[in-house]
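Enquirer: Structure below; questions to follow.
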Amino acid sequence: MGAGVSNNIDIDQAAARQGIADYQFVKMLGAGNHGVFYLARRPERLPVDGEFVAVKVLSGVSGQDTFRRAVRELKAFAAVESPFLVTLYDAGQQGNDLYYAMEYLGGGSLAAPAGRVSRVAMLRAIANAARAAHALHEAGIAHNDIKPSNILLFPGGGKLADLGLSRTLAPGLTVGGLAPPASAEPADRGPAGGQAPSQTSELFSGLRPGTPIEFIDPALMRGEPPSRISDVYSLGATLHWVLSGTGLYGDLSADDTLVALRRVLSRPPVISAGLDPAARAVIAAAISEDRSARPSTALEFAGLVEGLEREGTPSPLPHEPQGGSR
């Protein structure tokens, strides 16, 4: 695939890493597709409040063109105004490692919350993330990596983090990407779109084991470009996992991405029968195989989730946090 980024992460080696550039790592927060998150001490040069920041390191980046594309994507993300997007502070390259720093939220994520989370708080966090996704879409960006671990929690709700950069870092993979010119937009996708890859095998050959593909719109796996509608699917799949504790395709293989991929492409998603009818209806709309039947924007989806929030009553997290890369 030419210049790109390695997706082979040695967790033990990553956990032992002490820092990068002038960031001193305190501990590893988690590993996702292509990169590792760390809690780091804020360098004095950063004019922001707080002692700590979160730093993501993507190892094995090769080529200045790749680095420049990634920085361009990050700058586009940082330029979008939304109170529900994690704030990006800094980006740089050290050797073959790309890193970027962002605000640190100590509440954990929907995948691994720092404490017990009520149903209302979970719904509010997902609605906030949907509003953040809408802001990205209006700026011509498909987030393309919406999942529970990328919705970070704070006392007032949630913030959407970690814009997917796989398309930029390894051309041919699906995740991340700026929109094409407005004149090239298909009518059903709005401003957030991308260039369709040619083969599903190319799309996912670079995803590391454990990548939670149950949150990826199957249409992307069949060659459709990223869009606001595919992000709506990811929001619906996230809502299902958070409320039910299960994925739409049951327990997928954490070790063999291609096995999980075949399962997703060979059977329809199944919404948990244990969910209340209103939640089932919102999820069903968001993941509809007929993409024209889905909420047309993430903002519309946010409104539906906020309706669930108003109707619901607080209840404890219905499952134990599973952590990992979900």
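Enquirer: Considering amide H positions built from the backbone, and no H for Pro or chain starts, which residues 5 or more places from ASP145, or on another chain, come under 5 Å of its amide H?
Expert: Those lying under 5 Å, H to H, from ASP145 are GLY164.
Enquirer: Let me ask another. Scan around GLY30 for amide H atoms under 5 Å from its own, H built in the peptide plane at 1.01 Å from N, and keep only partners 5 or more places away or cross-chain.
Expert: Residues meeting the amide H criterion: PHE37.
Enquirer: Next up: Give me a comma-separated list of calculated 3J(HN,Hα) values for the stretch 265-273, in order, Karplus coefficients 6.51, -1.76, 1.60 applied at θ = phi - 60°, integers in Hz, x for any Gly or Pro.
Expert: 7, 9, 9, x, x, 10, 7, 4, 6
Enquirer: Of the peptides 121-132, 14-25, how do they stack up when ordered by the mean number of other Cβ atoms within 10 Å, highest first? Walk me through the intermediate numbers first.
Expert: Values: 121-132: 26.6, 14-25: 15.5.
Result, highest mean Cβ count within 10 Å first: 121-132, 14-25.
Enquirer: To continue, here is another question. Sequence-distant or interchain residues sharing an amide H contact under 5 Å with ASP217, placed H: which?
Expert: Amide H neighbours of ASP217: SER234.
Readers should treat all values here as calculations from the given coordinates under stated rules, not as data from a laboratory. The model shown is predicted, which means the values in this text are computed figures rather than measured ones. Positions of Cβ are generated from backbone atoms using ideal geometry, with glycine treated the same way; all protein chains shown enter the neighbour counts.
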